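Below is one structure, written out as structure tokens; the observations come after it.
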Number of protein chains: 2
Amino acid sequence: MPTFDEYVAQNRERFLNELKAFTSQPSVAAQNLGMREMADRVLARLQKLGAQTRLIPVADGFPVVYAEIGSGPKTLLIYDHYDVQPPEPLELWTTPPWEPTIREGKFFARGVADNKGDLLLRIQAVESWLATEGALPLKIKWVIEGEEEIGSPNLGKFVRAQRALFKDADGCLWEFGAKDSHENPMLICGLKGILFIELHARGAKRDLHSGAAPIIENPAWRLVWALSTLKNERDEITIDGYAQTVRPPTALELEAAAHIPFDTALELEKYGLSQFINGVRDFEAVKKLYFTPTVTICGLQSGYTGPGGKTVLPNHAFVKLDFRLVPDQTPELILDLLRRHLDAHGFADIEIQVTEAGEHVARSPLDSAIVRAAQAAARATYRHDAIVYPSAAGSGPMYELCQQLNIPAVSAGCGYPDSRGHAPDENIRVDDYFESITFIRELIRHFARA
Amino acid sequence: MPTFDEYVAQNRERFLNELKAFTSQPSVAAQNLGMREMADRVLARLQKLGAQTRLIPVADGFPVVYAEIGSGPKTLLIYDHYDVQPPEPLELWTTPPWEPTIREGKFFARGVADNKGDLLLRIQAVESWLATEGALPLKIKWVIEGEEEIGSPNLGKFVRAQRALFKDADGCLWEFGAKDSHENPMLICGLKGILFIELHARGAKRDLHSGAAPIIENPAWRLVWALSTLKNERDEITIDGYAQTVRPPTALELEAAAHIPFDTALELEKYGLSQFINGVRDFEAVKKLYFTPTVTICGLQSGYTGPGGKTVLPNHAFVKLDFRLVPDQTPELILDLLRRHLDAHGFADIEIQVTEAGEHVARSPLDSAIVRAAQAAARATYRHDAIVYPSAAGSGPMYELCQQLNIPAVSAGCGYPDSRGHAPDENIRVDDYFESITFIRELIRHFARA
């Protein structure tokens, strides 16, 4: 019987081909593209592993792929998602988003970093364990949802309905993770919350010749003015009552954050920038990145944006805004403050559309058994210490699955700082992928013993 | 021999079919779409009339169709253009922009109001004259350019190079016009100037996951902040030094404007609005519409604007801005003020792209022979007085062709208040089209005698 490492090496090409098959299948929840096909592929892969699987339907949503395998005193819950971000803008991809390509040791495809790589390698790691180590020393349960990139609108309801499935879960391995710029593995114990909305301003019945501009209100101007009351050039969010919703980080969180390395010059070079917002550097940048809330213009549109000129007075303008939340903010609270703020500042006419479900802030204990097992697994795999992050800069439904059920969580995965999640040329390094398979073996070993 | 009216009636169907042929040919200068084909169609139509024609090439631009016909003591210059606005957004057209359709007495197609209807009916009017009245009592010269909707970047140079062609022109019939809401024919003696630019803000090397927003500057926010310094919610343009460039209307201009009817309730209903900017009504609205400059957001784009959510931090944002100018503003002056203003307000990073040639303000005398002839022609055609406008709300190259060469000008045409120039469902009323043919007969008659 080969060793684990030998088995992985022998199956390297097949594992990569499976990753190509996963990432060549579009699965964009926001566009209802290829979702059923992807769920079926994930289900089939888990069945091939020998897991007991169920495709659990979600009313008005995409189904959850659920699977169980192994037995033992401990139960490890794994959370992944089979949906990905929209691939647009297509023209900025070096190779097309649904045509996975390996170049210079990097695997490029939409979703490979977020989260199809980790989704698949965790299955491949269990396969390699079964083929080389024998029976699993613990029980593994997978929850693989199809709505993470649209804010997991149905996961909370799913978790409450299926609560019995999770009552024996001792810890949860969350979906994503990366090495930092110094090649330290990152272990993430929390997520920001999120509120994603659109603001719509409307004008005349139809677009007009811009000669009418002296007397006809332009919704694009109204949207600009309304937006300019939400955040100022000093990066202060100026929504009435907003500052009072922000709880500063705790002493323990700051202590953990002090270990997070941040090479300002290197980071600036990576992004092609001369400075960060307000000139923050080093630990100031770390604190801002992980502990401050944001409001981000993700999309902005009005009028004619094609080539050349068109002297049109548009009758509609909209913006897509993402609010990242920190304790003690909630999506409901921020939505309420925003509506009151717009009304109070003369923008009662601007319509708020809540297009995605919000997500609550999640903070998991920094010293739980699953975190300690992940630290040991990282040490065994990477030969140096992992960095424990009290929170990621991003969001996810950790609150719904873990915090609600009191399951400690940690997130770790195969990304690296230039993985370009949510952006063109999303990629992972192939070596990281295979190292992550080893990390999963070590996590199983250490968590089973914990 | 039939009378003029009988000839027009007999050829009604053919005239409309010619209009369908003209408007089913796309000719979008901004998109370099169908331009040569359209120039050829116009040239062929003038040749069929018996005019002496020339297609005059324009370096790095679209050719000018030039034609001459008739003789007499007076020379009437006619200015039209064979290019049209882009048809987007296509989904808002009831029938497709390049498939001319008559519904309820209205002729729908891109360009039919601006300016293919007037372009063609003026030729058909001359044909009808020649077929029924005999020789023309004056000389007519046509200048039909292909770049009006992109700001006539080459017309000034063309006019200076071909100055000899125009030295005998006694008056110019400008391209467009309409009846107002009270069915009064409008005679327009001036145009606003225009500066059309794009502002571009740029951020990191590439689009990023919006989790990076606490430290990475978002160009969409920067664009919003920069724009909010250009105009405030009271509709005051707040560019440094801008107010001093605006010369108020003269007593004569105000006196003429006092005759311009404006039914506030009717106009509001037409646009589906409850009020105009700052609540202006009646003569206040007239003065604002024709005598004040504007800055209009014609297009605004950043990030992801497709369906659903995408939590992206964009690395580029741009706006298309059109500045309509009044005396004594020039495109060069406003561009210079804008650059200085952006620099002074901390937006030196925002790039200005001048994507279209600017146009100067034009004001032609209100009592010239061509205006008096047009007034008499309107009275004969429509049986009531025309309204003389010191300026239109729109722009055009009248300065380049007429003011530079001291040729008095007047603009009159077949539109009506709901013609939707530059917008979806552009249309004219078929009856207005044929009345305008009569107006041209009367203008020829009266101007030849003037």
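Listing for the model above:
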quantity: Residue list for segment A:296-328, restricted to those being under 28 Å from A:HIS259 (Cα atoms) and surrounded by fewer than 24 Cβ atoms within 10 Å (Cβ to Cβ); calculated: A:VAL326, A:PRO327, A:ASP328
quantity: Matching option when the condition is away from chain A (no Cβ under 14 Å) and in contact with a Pro (Cβ under 9 Å, 6 or more places away or on another chain), among B:ASP80, B:ASP60; calculated: B:ASP60
quantity: Criterion violated by B:ASP114 - all others in (1) within 12 Å of chain A (Cβ to nearest Cβ); (2) surrounded by fewer than 24 Cβ atoms within 10 Å (Cβ to Cβ) satisfied; calculated: (2)
quantity: Selection from segment A:212-232 of residues that are facing chain B (nearest Cβ under 7 Å) and closer than 17 Å to B:LEU268 by Cβ; calculated: A:ALA212, A:ALA213, A:PRO214, A:ILE215, A:ILE216, A:GLU217, A:ASN218
quantity: Residue that is farthest from B:ASP114 (Cα to Cα), among those in segment B:88-98 that are buried (at least 16 other Cβ atoms within 10 Å of the Cβ) and at the interface with chain A (Cβ under 10 Å from one of its Cβ atoms); calculated: B:PRO89
quantity: A:ASP240, sole failed condition from (1) more than 7 Å from every other protein chain (Cβ to nearest Cβ); (2) assigned to a strand (DSSP E or B); calculated: (2)
quantity: Residues being facing another protein chain (nearest Cβ under 7 Å) and over 25 Å from B:GLY303 (Cα atoms) - total across segment A:177-207; calculated: 2
quantity: B:LEU252, sole failed condition from (1) assigned by TED's automatic domain parsing to the domain that holds B:GLY211; (2) outside any loop (DSSP other than H, G, I, E, B); (3) of a type outside the set (Phe, Trp, Tyr); (4) touching a residue at least 40 places away in the same chain (Cβ under 8 Å); calculated: (1)
quantity: Verdict on B:ILE144 being in contact with a His (Cβ under 9 Å, 6 or more places away or on another chain), of a type in the set (Val, Ile, Thr) and farther than 26 Å from B:GLN10 by Cβ; calculated: yes
quantity: Some residue of segment B:285-293 being of a type in the set (D, E, K, R) and assigned to a helix (DSSP H, G or I); calculated: yes
quantity: Tabulated pairs, segment B:59-72, first within 16 Å of B:ALA164 (Cβ to Cβ), second crowded, with 16+ Cβ neighbours inside 10 Å and of a type in the set (Asp, Glu), C-beta under 6 angstrom, 6+ apart or interchain; calculated: B:VAL64/B:GLU145
quantity: A:ALA377 in contact (Cβ under 8 Å) with a residue 24 or more places away in the chain, over 20 Å from the mean Cα position of the chain (by Cα) and surrounded by fewer than 18 Cβ atoms within 10 Å (Cβ to Cβ); calculated: no
quantity: Failed criterion for B:GLN375 (all others in (1) in contact with a His (Cβ under 9 Å, 6 or more places away or on another chain); (2) polar (S, T, N, Q); (3) under 25 Å from B:SER228 (Cα atoms) hold); calculated: (3)
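Here's the yes/no breakdown for (1) without any contact (Cβ under 8 Å) to a residue 60 or more places away in the chain; (2) closer than 23 Å to B:GLY193 by Cβ; (3) touching a Lys or Arg at 6+ places or on another chain (Cβ under 6 Å); (4) aromatic (Phe, Trp, Tyr):
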| site | (1), (2), (3), (4) |
| --- | --- |
| B:ILE260 | no, yes, no, no |
| B:SER274 | yes, no, no, no |
| B:LEU289 | no, yes, no, no |
| B:GLY309 | yes, no, no, no |
| B:LEU313 | no, no, no, no |
| B:ARG324 | no, yes, yes, no |
| B:GLU332 | yes, yes, no, no |
| B:ARG340 | no, yes, no, no |
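The values are calculated or read from the model by the stated rules, or taken from the named source; none is laboratory data. Please read these numbers as outputs of a predicted model, since none were measured by experiment. We place every Cβ from the backbone using ideal geometry, glycine too, and count neighbours over all the protein chains shown.
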